[in-house]
Structures are given as C-alpha cells and as structure tokens.
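Visitor: Before I ask anything, here is the structure I am working with.
The values are calculated or read from the model by the stated rules, or taken from the named source; none is laboratory data. As the structure is a computational prediction, the values presented were derived from the model and not from experiment. Please note: Cβ atoms are built from the backbone with ideal geometry, for glycine as well, and neighbour counts cover all protein chains shown. Heavy atoms of the whole protein, side chains included, go into the accessibility calculation; ligands, DNA and RNA do not. Shrake-Rupley method; radii C 1.70, N 1.55, O 1.52, S 1.80 Å.
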Amino acid sequence: MFRKSTELKEKSLKEAAILALYYSKLSRSFSGDVQYTQRMNVKKKNKLPPGKVLVNKYKTVYVKYTEDELNLILSRTQNA
C-alpha cells in the first residue's frame, strides 16, 4: 500500500510528540502541547544551564493520547 508523504509525517509527528510528553513532567496527563522545529533554529548559549537552549522559529502541536497508543509506540521502539 502506498502512503502519501504527508500522512507519514503527521503520524511520525504525533508519535514523536507522544514520546516527548511521556518523557517529560507531563508523563501521566496523556495530553499537552509540544513544540518542534528544525535543528537550525536551535541555539545553545554558553551561559545557559545544561539542557536549556534558545529556539527561534517553532510550531506547536497539541496531542491527546491513550495509554494503549503509548504502549504500542513503546513496544515498537524497544523492538527496533
């Protein structure tokens, strides 16, 4: 079956957002906003603490998911 490129990107973006929320402080809320950008829009300044960066252009996606969706994604990432 042939999939359109945009469908794959949307699915990948949603799964990446779900994983981002899972590994964040919002891990048990099962919903939230996730910001994403291209690597060229992320800058690390010397005076910032570890893990902090400056982001220029970004987009925000709101994602709501179930525990079943999360478990499916986690099982696929562990088997890869």
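Visitor: Just checking, which of M1, M40 is among the hydrophobic types (A, V, I, L, M, F, W, C), part of a helix (DSSP H, G or I) and modelled with pLDDT under 95? Walk me through it before giving the result.
Guide: Values: M1 fails: part of a helix (DSSP H, G or I).
Within the list M1, M40, the selection yields M40.
Visitor: Moving to a separate point now. Has region 21-35 got at least one residue that is at pLDDT below 90 and in contact with a helix residue (DSSP H, G or I) (Cβ under 8 Å, 6 or more places away or on another chain)?
Guide: Scanning region 21-35 turns up at least one residue that is at pLDDT below 90 and in contact with a helix residue (DSSP H, G or I) (Cβ under 8 Å, 6 or more places away or on another chain).
Visitor: Is it the case that D68 is touching a Phe, Trp or Tyr at 6+ places or on another chain (Cβ under 6 Å) and surrounded by fewer than 13 Cβ atoms within 10 Å (Cβ to Cβ)?
Guide: On the way: touching a Phe, Trp or Tyr at 6+ places or on another chain (Cβ under 6 Å): no; surrounded by fewer than 13 Cβ atoms within 10 Å (Cβ to Cβ): yes.
Judged against the criteria, D68 is not a match.
Visitor: Another question, then. Can you find a residue that is exposed (fewer than 11 other Cβ atoms within 10 Å of the Cβ), touching a strand residue (DSSP E or B) at 6+ places or on another chain (Cβ under 7 Å) and of a type outside the set (A, V, I, L, M, F, W, C) anywhere in region 16-29? Please lay out each step first, then the result.
Guide: The first filter runs over region 16-29 and keeps only residues exposed (fewer than 11 other Cβ atoms within 10 Å of the Cβ), leaving 23, 25, 28-29.
Still in the list and also touching a strand residue (DSSP E or B) at 6+ places or on another chain (Cβ under 7 Å): none.
No, region 16-29 contains no residue that is exposed (fewer than 11 other Cβ atoms within 10 Å of the Cβ), touching a strand residue (DSSP E or B) at 6+ places or on another chain (Cβ under 7 Å) and of a type outside the set (A, V, I, L, M, F, W, C).
Visitor: Among the residues of region 35-63, write down those that are touching a Phe, Trp or Tyr at 6+ places or on another chain (Cβ under 7 Å) and open to solvent by 100 Å² or more (accessible area, probe 1.4 Å).
Guide: Q35, Y58, K59
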